[in-house]
Amino acid sequence: MVTFPPAGTTLDRYYKNKAQYPAFEESEVANYPAANFDITDAKHGQCSTIVGVAKDAVFIVQASAGSDDPQYSTPCTLSAKAAEIVVNNLKGDR
């Protein structure tokens, strides 16, 4: 699922509040600053990736993997890959 938070939501806000997420890792998606995070340890099928596409504009991709999925214990790879697809679509890459 892809969500676009309200205008003014920033990646910096997530970086500053990273202590509230048991799983939080700063990263990069398609040359944009990003972070993978989850309210659990992100090793049980769920992870979100937030990407800063402008100073005050972000989007979030949430991914879920079933227990039989090989990426169940590494779901952030799924959300990061989906985020990369979104960025490429926003840029018009195919």
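The values are calculated or read from the model by the stated rules, or taken from the named source; none is laboratory data. Since this is a predicted model, take the numbers as computed values, not measurements. All Cβ positions, glycine included, derive from the backbone under ideal geometry; neighbour counts span all protein chains shown.
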Legend entry - Residue among VAL61, VAL53 that is outside any loop (DSSP other than H, G, I, E, B) and modelled with pLDDT of 95 or more: VAL61
Inset, instruction - Select from the stretch 1-29 the residues that are under 25 Å from SER73 (Cβ atoms) and within 12 Å of the chain's Cα centre (by Cα) and list them in ascending order. - result: MET1, VAL2, THR3, TYR14, ALA23, PHE24, GLU25, GLU26, SER27, GLU28, VAL29
Legend entry - Inter-residue pairs, beta-carbon under 6 Å, first in contact (Cβ under 8 Å) with a residue 12 or more places away in the chain and on the phi > 0 side of the Ramachandran plot and in the stretch 38-65, second crowded, with 22+ Cβ neighbours inside 10 Å and of a type outside the set (A, V, I, L, M), 6+ apart: ALA42/CYS76; GLY45/PRO75
Legend entry - Number of the exception - MET1 against (1) in contact (Cβ under 8 Å) with a residue 60 or more places away in the chain; (2) in contact with a Lys or Arg (Cβ under 6 Å, 6 or more places away or on another chain): (2)
Inset, instruction - Give the residues of the stretch 37-84 that are touching a Cys at 6+ places or on another chain (Cβ under 9 Å), farther than 15 Å from THR3 by Cβ and of a type outside the set (Val, Ile, Thr), sorted by residue number. - result: ALA42, ALA65, PRO75, CYS76, LEU78, ALA80
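Residues are listed down the side, and each one gets a yes or a no for (1) of a type in the set (A, V, I, L, M, F, W, C); (2) surrounded by fewer than 17 Cβ atoms within 10 Å (Cβ to Cβ); (3) under 25 Å from ASN89 (Cβ atoms):
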| site | (1), (2), (3) |
| --- | --- |
| PHE4 | yes, yes, yes |
| ASN17 | no, yes, no |
| PRO22 | no, yes, no |
| ALA34 | yes, no, yes |
| ASP41 | no, yes, no |
| HIS44 | no, yes, no |
| VAL53 | yes, no, yes |
| ASP56 | no, yes, yes |
Inset, instruction - Tell me, please, whether a residue that is of a type in the set (Val, Ile, Thr), in a loop (DSSP other than H, G, I, E, B) and at pLDDT below 95 can be found in the stretch 5-13. - result: yes
